[in-house]
Amino acid sequence: MRETPPDYVKALESKDDVKKLKIAWSPDLNYAAMDPEVVSVAKAAARSFEVFGCSVEEASPDLWDAYPTAWRPIAWCDEYVAHADVFENQADRLVGYVKDYLEYGKKVTGADYAKALQEMWTLQKRMLNFFDKYDLLLTPTLATTAFPGKNVDLTKENPHLTVYPGVIGGKNVNPHWGFKALTALFNMTGQPAATVPCDFSSDGLPIGLQIVGRRKEDATVLQASAVFEEIRPWVGKRPSLS
């Protein structure tokens, strides 16, 4: 039976419910390499919920970097299945890194995929357990601020590797995943999440705060996002471009 979606607009009329929430703040989910300034700015933003009467404490769910062992085999095997015809018959129309991804997805075995699913389900259970204690989880949105764009030759084999950062906070990271290590994981665990602008870095680049909620509690995430905008209004703020 299909569920009737909640009235999210009406939910925003009862933001006082946010005052009762117990909130966890995690700077890195205990595994991500982070830009220290991003962490500092996002932490101050997370603490601002205390002004609204929320309880905020530092805590991280028991997770790990699941990109190579779960996210990657599931995502790229699925992509290969969805685009196998293009890959097999029109590969010359694909840029190099897309071909690389689909080539990897083609090689994922049934055992690889089953193992990745088991890992994903373990992560889901751990998030369910974490939300037995907390109502929301706050993190920085990305591990770093915006990185410089470059002129990229899309005919080369891995052109995106010349753009995405390979080092964050002085640590080597996977360029495919490192900068978004705190967001893509929740695509696997099924948590609703939002990002809200929280401030700018010392060089004028925007920094976001990620608000993560329990499964199917999208309304709570939206309420918290609206409360944050009231506490720290950002509409109209612009960095200096000089």
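The values are calculated or read from the model by the stated rules, or taken from the named source; none is laboratory data. Remember, it's a predicted structure, so these values are computed and weren't measured experimentally. Note: ideal-geometry Cβ built from the backbone for every residue, glycine included; neighbour counts use all protein chains shown.
Descriptive notes on the structure:
- Condition check for residue 64: in a loop (DSSP other than H, G, I, E, B) and out of contact with any His (no Cβ under 8 Å at 6 or more places or on another chain): yes
- Region 17-54, subset touching a helix residue (DSSP H, G or I) at 6+ places or on another chain (Cβ under 8 Å) and of a type in the set (D, E, K, R), residue surrounded by the most Cβ atoms within 10 Å (Cβ to Cβ): 28
- Pairs where the first residue, in region 168-196, is of a type in the set (Ser, Thr, Tyr) and the second is surrounded by fewer than 17 Cβ atoms within 10 Å (Cβ to Cβ), C-beta under 6 Å, 6+ apart: 189/124
- Conditions (1) touching a residue at least 60 places away in the same chain (Cβ under 8 Å); (2) surrounded by 13 or more Cβ atoms within 10 Å (Cβ to Cβ); number of the one not met by residue 14: (2)
- Failed criterion for residue 79 (all others in (1) part of a helix (DSSP H, G or I); (2) more than 20 Å from residue 194 (Cβ to Cβ); (3) over 24 Å from the mean Cα position of the chain (by Cα) hold): (3)
- Annotation note: of 113, 101, the sole residue that is of a type outside the set (S, T, N, Q) and touching a Cys at 6+ places or on another chain (Cβ under 7 Å) is 113.
- Residues that are within 30 Å of residue 203 (Cβ to Cβ) and assigned to a strand (DSSP E or B) within region 1-56 comprise 23, 24, 25, 56, listed in sequence order.
- Any pair with Cβ under 9 angstrom, 6 or more apart, that starts in region 216-242 at a residue that is at positive phi and ends at one that is surrounded by fewer than 17 Cβ atoms within 10 Å (Cβ to Cβ) and at pLDDT below 90: 216/3; 216/6
- Unique residue being among the basic types (Lys, Arg) and touching an Asp or Glu at 6+ places or on another chain (Cβ under 6 Å) when the list is 47, 126, 72, 93: 126
- Residues that are within 30 Å of residue 170 (Cα to Cα), without any contact (Cβ under 8 Å) to a residue 24 or more places away in the chain and touching a strand residue (DSSP E or B) at 6+ places or on another chain (Cβ under 9 Å), drawn from region 17-57: 43, 47
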